[in-house]
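The values are calculated or read from the model by the stated rules, or taken from the named source; none is laboratory data. Model, not experiment: these values are computed from the prediction. Here Cβ is always computed from backbone atoms with ideal geometry, including for glycine, and neighbour counts include all displayed protein chains. Note: areas computed on protein heavy atoms with side chains; ligands, DNA, RNA excluded. Shrake-Rupley method; radii C 1.70, N 1.55, O 1.52, S 1.80 Å.
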Amino acid sequence: QVQLVESGGGLVQPGGSLRLSCAASRSIFSFNAVGWYRQAPGKERELVARINRSTGTDYGDSVKGRFFISSVSAQNTVYLQMNSLKPEDTAVYYCNLDGRFSYWGQGTQVTVSS
């Protein structure tokens with residue numbers, strides 16, 4: 001069992017930046033993939049960014065060039081740097097670790113509004 005705790009969400013103006021963190025209760029090194037997903041009201045959960053041990057890093061089309069994912073295995077932490085935020089980025093953001101089992105955090109709200 002792994003517990004994931006996301007932090008760093010909040011209210012930000014369009015064009016601003018936020019950095020999300022996802023702290024895992026144990027090592028993330030053995031997982032096949034670590035990533036961030038988001039879900040806006042009335043919409044399905046979608047991929048934001050993911051680091052896959054086999055295939056590398058990929059991003060959702062709407063965030064390419066603006067968002068950047070990184071992980072620090074020694075800290076058991078995954079980060080999501082979000083730049084040039086837009087109102088359509090407003091959503092609950094979830095951290096995910098995918099291996100033999102898939103684990104999700106509780107989510108952190110990101111609201112982009114003036």
Practice task
Convert each backbone phi in segment 21-27 into a coupling constant with the Karplus relation 6.51 cos²θ - 1.76 cosθ + 1.60 (shift: θ = phi - 60°), then list the ³J(HN,Hα) values in order as whole Hz, x for Gly and Pro.
Solution key: 10, 10, 9, 9, 7, 8, 4
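How fast does the chain diffuse by Stokes-Einstein, in µm²/s, taking the Kirkwood radius from C-alpha pairs at 37 °C and 0.692 mPa s? Walk me through the numbers before you get to the answer.
On the way: Rh = 14.0 Å.
Answer from the Stokes-Einstein relation: 235 µm²/s.
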Fill in the blank from the handout: Here, Lys43 and Ser27, labelled 7 Å along Cα→Cβ, have an inter-label distance in nm of 3.7
Completion exercise
Note to self: with every protein chain in place and a 1.4 Å probe, segment 14-114 gives an accessible area per residue in Å² of 53
Exercise for the section: For segment 84-101 and segment 57-71, compute the distance between their C-alpha centroids and round to whole Å. Expected result: 10
Practice task
For segment 83-100, take each phi angle, set θ = phi - 60°, evaluate the Karplus expression 6.51 cos²θ - 1.76 cosθ + 1.60, and give the result in whole Hz per residue in order, putting x for glycine and proline.
Solution key: 10, 6, 5, 10, x, 6, 7, 4, 4, 8, 9, 10, 8, 9, 10, 10, x, 4
Completion exercise
Comparing Val48, Val92, Val34 in a Gaussian network model of the chain (Cα, 10 Å), the one with the largest mean-square fluctuation is Val92
Practice task
Using a 1.4 Å probe and counting only protein heavy atoms, arrange Arg38, Arg45 so the residue with the most accessible area comes first.
Solution key: Arg45, Arg38
Practice task
Take the solvent-accessible surface of the protein heavy atoms, probe 1.4 Å, and return the percent of it on the chain that carbon and sulfur atoms account for.
Solution key: 47
